[in-house]
1. With a 1.4 Å probe, how much accessible area is buried between chains B and A, both sides summed, in Å² to the nearest hundred?
2. Sorted by packing (mean other beta-carbon atoms within 10 Å per residue), highest first, where do B:238-250, B:105-117 land?
3. Once phi is turned into ³J(HN,Hα) by the Karplus curve 6.51 cos²θ - 1.76 cosθ + 1.60 with θ = phi - 60°, what whole-Hz value does each residue of region B:96-107 show in order, with x for glycine and proline?
4. Checking the cross-link filter: which lysines have an alpha carbon closer than 21 Å to that of A:LYS30, excluding same-chain neighbours under 8 positions apart?
5. Counting only residues 5 or more places away or on other chains, whose amide H sits under 5 Å from the amide H of B:ARG43 once H atoms are built in the peptide plane?
6. How do A:PHE39, B:PHE4 stack up against each other in accessible area, from largest to smallest, with a 1.4 angstrom probe?
7. Can you list the HN-Hα couplings for region B:218-232, worked out from phi with the Karplus curve (6.51, -1.76, 1.60; θ = phi - 60°), rounded to whole Hz and with x for Gly and Pro?
8. Checking the a/c ratio against 1.5 first, then a/b against b/c, what shape does the Cα gyration tensor give for region B:55-162?
Amino acid sequence: MNITLNGTLQDIAGPTLEDLLRETGQAGAKVATAVNETFVPAGQRADLVLQPGDRVEIVAPRQGG
Amino acid sequence: MPTFYGTEFASRLMLGTAQYPSPAILADAFRRSGAGIATVSVRREADGGEAGQQFWSLIEGLGVALLPNTAGCHSVREAVTTAQMARELFGTPWIKLEVIGHADTLQPDPFGLVEAARILTEDGFQVFPYCTEDLVLCDRLLNAGCEVLMPWGAPIGTGLGLNNIYGLRSLRAHFAEVPLVIDAGLGLPSQAAHAMELGFDAVLLNTAVAKAGDPAAMAEAFAGAVSAGALAHQADPMPPRDMAAPSTPVLGKAFLE
């Protein structure tokens with residue numbers, strides 16, 4: 001399934017957001033997620049089934065001013 | 001000392017965590033600044049979560065309160081979603097709300113800012129809005145639920161200091177009970193001292209410290225300036241006047257012509 005992950009088109013297995021995190025090596029990592037510009041809490045990732053064309057953002061803590 | 005959303009801090013400095021030459025220098029700058037609050041952000045993770053975890057470990061070790069930002073957001077939706085992700089990541093309802101309206105000046109979008117502040121406040125956030133010194137805007141932000149205002153001194157990263165002294169004095173006078181923080185544009189400790197002399201509660205710095213030749217020394221310099229300025233404000237400065245007035249008594253001066 002093709003989705004856009006952090007701005008880059010990717011072919012992923014899915015089907016859930018939690019599966020995607022596992023697939024990208026970020027299961028258990030300190031990250032937050034959004035799909036199609038909507039925040040997805042950590043507790044809802046396993047229930048969120050991704051659709052082709054979805055725009056997924058995975059973010060982590062960073063330096064800021 | 002400044003109190004933000006019910007939490008009192010022993011320092012009038014907030015310090016950003018970006019642009020330091022190294023993590024060790026960042027940590028040293030925080031130690032010497034005495035800052036009680038660190039601003040942080042969320043960004044795309046690209047390497048399996050390693051960079052985020054390393055930064056998280058570093059800031060946890062600072063022992064300061066965290067103020068996540070929505071830096072770089074240009075729309076209400078983007079800012080709200082970023083704030084929600086930041087709340088989960090950092091475990092705090094605090095958010096430094098930035099809704100940028102102009103790409104060159106990084107000037108806040110006042111209309112989007114008020115809308116986002118209202119949405120986030122209703123969602124349980126405690127909002128620190130990065131705003132201008134405009135009185136009407138600040139009034140609307142307070143009505144939207146903000147209990148802190150963070151007007152810029154000058155555009156982010158410029159180091160120009162306090163560009164509109166009249167506007168900032170006016171803001172201080174109109175909102176005497178609201179915590180006010182100069183959020184951006186400071187480059188020198190003297191500018192931070194000036195902000196304190198005007199009665200502001202705190203200043204937020206990043207570039208001025210991180211881009212100094214010796215960030216840790218500059219952090220300490222700002223700490224001293226902020227303390228001096230705040231003490232001067234409490235000491236009730238003399239009003240300026242146009243005409244000279246001798247400080248040494250005229251009476252009793254010898255006539256030596």
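1. Roughly 2300 Å².
2. Packing proxy ranking, top to bottom: B:105-117, B:238-250.
3. Taking θ as phi minus 60°, the curve returns 7, 8, 10, 10, 7, x, 9, 5, 7, 8, 6, 5 Hz for region B:96-107.
4. Answer for A:LYS30, where 21 Å is the Cα cut-off: B:LYS96, listed by chain and number.
5. Correct list: A:ALA60, A:ARG62.
6. Largest accessible area first, the list is A:PHE39, B:PHE4.
7. Listing the rounded values in order: 5, 4, 5, 4, 5, 4, x, 5, 5, 5, 5, x, 5, 5, 4 Hz.
8. It is oblate, given that a/c is not under 1.5 and a/b is not larger than b/c.
The values are calculated or read from the model by the stated rules, or taken from the named source; none is laboratory data. All values derive from a computational prediction rather than experimental measurement. Every residue, glycine as well, gets a Cβ built from its backbone with ideal geometry; the counts of neighbours run over all protein chains shown. Remember, those area values only see protein heavy atoms, side chains included, never the ligands or the DNA or RNA. Shrake-Rupley method; radii C 1.70, N 1.55, O 1.52, S 1.80 Å.
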